[in-house]
Every structure is written in C-alpha cells, then in structure tokens.
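**Student:** Sending over a structure as structure tokens; questions will come in a sec.
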Amino acid sequence: MEESASQKNGKKILCIEDELFIGELYSRALQKAGYEVTVELDGQKGLELAQTNRFDIILLDLMIPTITGIDVLRQLRDPAKTPKLKAKIIITTNLEQRDEIKADIESQADGYIVKANITPRELVEFLGSID
C-alpha cells in the first residue's frame, strides 16, 4: 500500500462516462498514474458531483443518461450555476460533431478527445500535459 501512496500526485479526476468498460479502463490507467478517480455513469449525478468543486479534472462524455454532456458543460461554465469552478473540463466523445458544434464545445472546454483515437496511456500523458 505504501508504494501506491507514494505514487499519488494529489489530482482528483471525475469521469462522467456511461460506458462502464471505458470508465474502468480510464480509471485503472489514471489510478496507476497516481490520480484519484471517481467514475459516475449518470449525467445529472455527475453534474452534481462536479459542482462540489472537489475535482481538478473532469472527463465529460457527451452522450450520457439523464442530461447531455453539452448541458453539463454549459451548467459548469455558467457562473450563476457553478461559481468559480476550478476543474479543467475535457470532453470525451466518439461522436462526430458538425464543425460549428465542435467549435462551440471546444470554446467552453479545456480539451477535446475522440475516445476511439486515444489509448488509456495517451490519456494519462494528455492529462499530465494540462495539469
């Protein structure tokens, strides 16, 4: 146990992802890299967790149950609904977006990842570069 404690980097990640397999894959890779990871499968519950402001990074899938990832993103970026959010928000999706929609999403997020194009190891490297 001490070995894993010494590897902790202190960063907390919230992964809002409805695909259990992908959530577990990301969680394992990120925990191995020293991150503390919380995975939430439900969009509304993920939004509520994100609004606690306890996370450094939020990995946000666009297609999630109960509320869309775009709606979650908008509420997190709305100072009236989520004041002083400290977390970086990274969109994770496999959906092809029209250019204007993708540009709108990217303007509100801190990063945009196409899940099919990134391995868990590359995700760890990407997050390390934005910390």
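The values are calculated or read from the model by the stated rules, or taken from the named source; none is laboratory data. Note that this is a predicted model, so its numbers are computed, not measured. Cβ sites come from the backbone with ideal geometry, for glycine too, and all protein chains shown count toward neighbours.
**Student:** Just name the residue that is modelled with the lowest pLDDT out of those in the stretch 78-111 that are surrounded by 16 or more Cβ atoms within 10 Å (Cβ to Cβ) and not in a loop (DSSP other than H, G, I, E, B). Give the steps one after another, and end with the answer.
**Tutor:** We begin by selecting, within the stretch 78-111, every residue surrounded by 16 or more Cβ atoms within 10 Å (Cβ to Cβ); these are 82, 85, 87-93, 97, 105, 109, 111.
Checking which are not in a loop (DSSP other than H, G, I, E, B) leaves us with 88-93, 105, 111.
Numbers: Lys88: 96, Ile89: 97, Ile90: 96, Ile91: 95, Thr92: 94, Thr93: 90, Ile105: 85, Gly111: 92.
For the stretch 78-111, the residue satisfying everything is Ile105.
**Student:** Report yes if some residue within the stretch 49-67 is surrounded by 14 or more Cβ atoms within 10 Å (Cβ to Cβ) and of a type in the set (Lys, Arg); otherwise report no.
**Tutor:** no
**Student:** If the requirement is being part of a helix (DSSP H, G or I), modelled with pLDDT of 95 or more and touching a strand residue (DSSP E or B) at 6+ places or on another chain (Cβ under 6 Å), which of these qualifies: Leu49, Leu14?
**Tutor:** Unique residue meeting the criteria: Leu49.
**Student:** Looking only at the stretch 13-25, which residues are closer than 16 Å to Phe126 by Cα and either of a type in the set (D, E, K, R) or in contact with a Pro (Cβ under 6 Å, 6 or more places away or on another chain) (or both)?
**Tutor:** Of everything in the stretch 13-25, just one residue is closer than 16 Å to Phe126 by Cα and either of a type in the set (D, E, K, R) or in contact with a Pro (Cβ under 6 Å, 6 or more places away or on another chain) (or both), namely Leu25.
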